[in-house]
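The values are calculated or read from the model by the stated rules, or taken from the named source; none is laboratory data. Computed from a predicted model, the values in this text were never measured in an experiment. With ideal geometry, Cβ positions are generated from the backbone for all residues, glycine too; neighbour counts draw on all protein chains shown.
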Amino acid sequence: MENQLEQQSEKRKRVFSAIKPTGNPTLGNYIGAMRQWPAMSDEFDCIYAVADLHAITVAIEPKELRENTKRMFALLIALGIEPEKNLLFVQSHVTAHAELCWLLNNYTMFGEGRRMTQFKEKSQKAPENVNVGLFDYPVLMAADILLYQTDIVPVGEDQLQHVELCRTIANRFNNRYSPTFAVPEGRVPKVGKRIYSLSDPTAKMGKSDGNADGSVFILDRPEDIMRKFKRAVTDCDNKIVAAKDKAGITNLLSIYASVQNMSVRDAEKEFENSDYASFKKRVGEAVVETLRPIREKYDSLRRDDNALVELMRSGAENARRVAVRTLEKVYKKIGFVRL
Ligand code: TRP
């Protein structure tokens with residue numbers, strides 16, 4: 001019986017994804033990506049990491065890195081990723097990631113790295129800090145993915161190019177030696193609706209929005225969420241319908257539909273006879289109710305720092321066991337003397 005179960009779980013496809021502990025995660029991050037993570041563990045064998053090593057490619061204060069890492073780890077659990085059912089860990093706690101990154105550097109061409117859009121964009125944004133880590137970012141990402149023999153990598157559109165590079169590196173290594181890595185497939189979740197800023201509904205809701213009331217953060221207090229929705233930009237024709245020239249109302253409708261798990265059509269019907277003020281109030285309430293259990297779970301996890309660190313420790317131990325198997329194979333194939 002146990003054997004059968006094991007075989008069954010062996011056939012399940014493996015998913016790996018990671019998120020950087022930078023900024024403050026928004027309602028947009030939640031609806032567009034993070035909400036999908038816990039649900040995937042019904043179908044797949046899921047491994048999730050807080051990518052803290054990736055966070056230092058852009059200058060960050062020590063205090064901020066520490067706090068963001070704990071916050072992101074606790075938030076993922078609060079979202080419903082159960083550490084007992086999934087592998088959840090902090091990247092820097094599993095040293096195999098940095099080790100494999102070094103090894104893979106030697107199977108990655110300089111020209112391939114130089115072509116990465118994110119590298120070019122981030123270099124332009126901070127010309128005073130174009131460090132080698134920024135250049136190496138996608139190779140570390142390849143190490144993250146390849147250590148776990150990953151089949152599927154759920155990512156945002158902007159990260160697909162990095163998954164492509166990861167496939168190139170994996171194939172190159174497999175061909176040079178013998179099959180070592182699973183070659184993963186990048187997947188952009190279709191369900192993820194794009195959520196826009198409440199103060200400028202033509203711009204993405206960002207972790208660092210210029211206008212503080214434009215972004216709703218997953219961990220916002222109810223009164224802040226209500227205030228932000230009350231101030232949300234609309235228009236002046238008082239019709240609650242989704243339309244191209246009604247960006248504000250359309251955004252609010254898609255937020256409401258997402259958190260209520262209904263279609264935008266049905267949301268329009270519900271507010272047929274409503275006015276803007278009560279509509280915005282109702283959207284705010286629905287968001288508050290959706291985020292409430294997450295924030296409560298999060299608060300309780302943050303009340304006990306030792307317990308949180310213990311969860312990090314056991315997650316890291318479990319991840320290490322899987323990662324080391326791949327890492328050892330790689331060392332041996334290249335020709336390193338192992339003890
Ligand atoms: N670079 C990813 C992002 O910014 C985060 C990340 C790090 C990642 N390592 C990964 C995503 C491995 C998928 C797989 O979103």
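Just a few scattered comments:
- Just one of the listed residues (PHE336, PHE279) is assigned to a helix (DSSP H, G or I) and aromatic (Phe, Trp, Tyr), and it is PHE279.
- Scanning the stretch 145-159 for residues that are within 30 Å of LYS11 (Cβ to Cβ), within 10 Å of the ligand (Cβ to nearest atom) and modelled with pLDDT under 95 turns up PRO154, VAL155, GLY156, GLN159.
- Members of the stretch 112-144 that are away from the ligand (no atom under 14 Å from the Cβ), not in a helix (DSSP H, G or I) and not β-branched (Val, Ile, Thr): ARG115, ALA126, ASN131
- The set of residues from the stretch 198-255 being hydroxyl-bearing (Ser, Thr, Tyr) and either modelled with pLDDT of 95 or more or in a loop (DSSP other than H, G, I, E, B) (or both) comprises SER199, THR202, SER208, SER215, THR234, THR250.
- Of the criteria (1) crowded, with 16+ Cβ neighbours inside 10 Å; (2) without any contact (Cβ under 8 Å) to a residue 60 or more places away in the chain, which one ALA33 fails: (2)
- Being of a type in the set (Asp, Glu) and in contact with an Asp or Glu (Cβ under 8 Å, 6 or more places away or on another chain) holds for only one residue in ASP136, ASP151, ASP158, and it is ASP151.
- All positions within the stretch 55-75 that are of a type outside the set (Asp, Glu) and either modelled with pLDDT under 95 or part of a loop (DSSP other than H, G, I, E, B) (or both): ILE56, THR57, VAL58, ALA59, ILE60
- Among the candidates ARG265, ARG321, residue that is part of a helix (DSSP H, G or I) and either aromatic (Phe, Trp, Tyr) or closer than 30 Å to HIS97 by Cα (or both): ARG321
- Filter pass, ALA78 being at pLDDT 95 or above and more than 16 Å from the ligand (Cβ to nearest atom): yes
- The stretch 247-283: number of residues that are under 23 Å from GLY32 (Cα atoms), touching a helix residue (DSSP H, G or I) at 6+ places or on another chain (Cβ under 9 Å) and of a type outside the set (Phe, Trp, Tyr): 21
- Yes/no for ASN68 being under 13 Å from the mean Cα position of the chain (by Cα), polar (S, T, N, Q) and away from the ligand (no atom under 13 Å from the Cβ): no
- Residue, nearest to the ligand (Cβ to nearest atom), within the stretch 12-36, restricted to residues that are assigned to a loop (DSSP other than H, G, I, E, B) and either closer than 19 Å to ILE60 by Cα or in contact with a helix residue (DSSP H, G or I) (Cβ under 7 Å, 6 or more places away or on another chain) (or both): LYS20
- Pair list, Cβ under 8 Å, 6 or more apart: the stretch 54-71 residue more than 13 Å from SER92 (Cβ to Cβ), other residue away from the ligand (no atom under 15 Å from the Cβ) and assigned to a loop (DSSP other than H, G, I, E, B): THR57/ASN131; VAL58/ALA126; ALA59/ALA126; ARG71/LEU219
- Of all the listed residues (GLY335, GLY284, GLY315), the sole one being modelled with pLDDT of 95 or more, farther than 22 Å from LEU198 by Cβ and surrounded by 13 or more Cβ atoms within 10 Å (Cβ to Cβ) is GLY315.
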